[in-house]
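The values are calculated or read from the model by the stated rules, or taken from the named source; none is laboratory data. Since the model is a prediction, treat every value here as computed from it, not as a measurement. Glycine gets a Cβ as well: all are built from the backbone with ideal geometry, and neighbour counts include every protein chain shown. The accessibility values were calculated without ligands, DNA or RNA, using every heavy atom of the protein model including side chains. Shrake-Rupley method; radii C 1.70, N 1.55, O 1.52, S 1.80 Å.
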Amino acid sequence: MDVKIAADWKLLLQEEFDKPYFEELTRFVREEYANGTIYPAGKNIFRAFDKCPVDKLKVVIIGQDPYHGPGQANGLCFSVNDGVAFPPSLQNIFKEISSDIGTPTPQSGNLDRWAEQGVLLLNAVLTVRAHQAASHAGKGWEQFTDAVVRIINQRKEGLVYMLWGSYAQRKGQIADPARNLILKSVHPSPLSVYRGFFGCKHFSQANEYLVSRGQEPIIW
């Protein structure tokens, strides 16, 4: 797989790329792209890692799998391309940011601006068939992204993990709460947002923690 990925990530993940399960996953994904519409575009599969090198990493946000509607997925969890209407979860994320720290809702749902400040927007599964949520689940991506979280936990401390919903919380169990700030709430989807995502104040808490460790806060 021809991956566009930050050099430090490529080095750290090379061992995973060489494993048999990843070779099998690569075969599956190539076949899927050859035979149908898959999101995100192939060049953007590893975009979360390309936009947020390890050495800049401050915050980890874990999503499930990419958006499966036309033009939405861009390789960063919860993010959409410029000019694309905000999906409901992203709308709710922006509402909470506005309520928490007073930032107005942005014009674009493209979260490159977060990634470039050190926010890793990591989906557990990195590809999906058009209009078929979770269609690439159970093919090997979860093993790969578990390895990513494990590598981060071994290499970095003083990070903020934002774990929204039970799926992300299970994925984030690897992270050491003694050496990082672990923030948990329900998922920002309309089904659960009123059960504790609204009012969670994760964005102000993240910035307070980063500042307390002598780091620049994130401009959310």
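Rolling a 1.4 Å probe over the protein heavy atoms gives the stretch 78-137 an accessible area of 38 Å² per residue.
Converting phi to 3J(HN,Hα) with the Karplus coefficients 6.51, -1.76 and 1.60 and the offset θ = phi - 60°, the stretch 205-210 yields 4, 4, 5, 4, 5, 4 Hz in sequence order, with x at every glycine or proline.
Counting only DSSP beta bridges whose two residues both lie in the chain, roughly 20 percent are antiparallel. Against the chain, whose longest principal axis is taken from its Cα atoms, helix 88-101 shows a tilt of about 30°.
Using the Cβ of residue 121 as centre and a radius below 15 Å, the other residues enclosed give a net charge of +2, where K and R count +1 and D and E count -1.
Straight-distance candidates among the aspartates and glutamates for linking to residue 139, with alpha-carbon spacing under 15 Å and chain neighbours fewer than 8 residues away dropped: 16, 23, 24, 31, 32, 65. The stretch between residue 17 and residue 31, if pulled fully straight at 0.36 nm per residue, gains 3.3 nm over its current Cα-Cα span.
A protection proxy built from the mean count of other Cβ atoms within 10 Å ranks the segments 120-126, 211-217, 83-89, 65-71, most packed first, as 120-126, 65-71, 83-89, 211-217.
Between residue 113 and residue 142, residue separation times 0.36 nm minus the direct Cα-Cα distance comes to 7.9 nm.
Within the accessible area of the chain, what % is carbon and sulfur when the probe is 1.4 Å and the other protein chains stay in place? The value for the chain is 50 percent carbon and sulfur by accessible area. Taking packing as the residue-averaged number of other Cβ atoms within 10 angstrom, the listed peptides 72-78, 53-59 run from highest to lowest as 72-78, 53-59. Counting only residues at least eight positions apart within a chain, or on another chain, the aspartates and glutamates with an alpha carbon under 19 Å from that of residue 58 are 8, 50, 112, 116, 146, 157, 176, 208, 216.
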